[in-house]
Amino acid sequence: MALEGSITFKGLTIPKAYLDIHKIVIDVESMSANMEYKVYADQRTFRANKNEHLTTHIEVVPVQEVFIDKLLQAGRAEAKKDGKKYGGFTDYRR
């Protein structure tokens, strides 16, 4: 999952940064998610070498049950496209 948009990095504005959601940790007790993004200068840089990110950004966001369900569905769909079984997703709500 990725996003594109303008960010400021070390005082410089990058008009079309590419944010790759690297990791999401959901705390069901507090109903919040720690979303870890790797920030790339642009999509071309991301595709060329995933180790060449500018920085890592962590954001804590509130979540609802519907968000968790949609996130798991999207992860399973992406894994299926890649011929994998659910990637690294673990469903703790069994």
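The values are calculated or read from the model by the stated rules, or taken from the named source; none is laboratory data. It should be emphasised that the depicted structure is a prediction, and the values quoted were computed from it without experimental measurement. For neighbour counting, all protein chains shown are included, and Cβ atoms are generated from backbone atoms with ideal geometry for every residue, glycine included.
Remarks
- Selection within region 51-72 - touching a strand residue (DSSP E or B) at 6+ places or on another chain (Cβ under 9 Å) and in a loop (DSSP other than H, G, I, E, B): E52, H53, L54, V63
- Test for I68: is it buried (at least 17 other Cβ atoms within 10 Å of the Cβ), at pLDDT below 80 and β-branched (V, I, T): yes
- Looking only at residues in region 1-29 that are under 10 Å from Y40 (Cα atoms) and not hydrophobic (A, V, I, L, M, F, W, C), the one that is modelled with the lowest pLDDT is E4.
- Qualifying positions in region 41-65 - more than 19 Å from E29 (Cβ to Cβ), surrounded by 15 or more Cβ atoms within 10 Å (Cβ to Cβ) and not small (G, A, S): T45, F46, H53, L54, H57
- Tabulated pairs, region 10-35, first under 12 Å from I58 (Cα atoms), second surrounded by 11 or more Cβ atoms within 10 Å (Cβ to Cβ) and among the small types (G, A, S), C-beta under 6 angstrom, 6+ apart or interchain: D20/A2; I24/A33
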